[in-house]
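Read through the structure below, which is laid out as structure tokens, and then see the notes.
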Amino acid sequence: MLAAYANVPEQFPEGNVPVAYAAKKMGKDACFIRAGIEAGWLPIGYAFRKPGSKKINYYISPKLFWEVTGVLYQPEKGA
């Protein structure tokens, strides 16, 4: 188990991983990523809706994304 965390990055980028980037790296559609986050079976981030709004906002944590996929998001390369 420790070997799995031997190459933990020293620092994760600030901000969030774009849904489109996550979908591309995981080989899935953006709708799949959104549905997984909303339902809770894809533990890479959070979905939230402001009161009175119809729009859902998504936050994908760079650290959680790395833990699940092994892909380190680098904004200058991936955004």
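The values are calculated or read from the model by the stated rules, or taken from the named source; none is laboratory data. These figures come from a predicted structure and were not determined experimentally. Reconstructed Cβ throughout: ideal geometry from the backbone, glycine too, with neighbour counts over all protein chains shown.
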Give the residue, chosen from 28, 24, that is assigned to a helix (DSSP H, G or I) and surrounded by fewer than 16 Cβ atoms within 10 Å (Cβ to Cβ).
24
Taking the criterion of being surrounded by 11 or more Cβ atoms within 10 Å (Cβ to Cβ), of a type outside the set (A, V, I, L, M) and in a helix (DSSP H, G or I), would at least one residue in the range 40-47 satisfy it?
no
Looking at (1) modelled with pLDDT under 95; (2) at positive phi, which one does residue 27 not meet, given that it meets all the others?
(1)
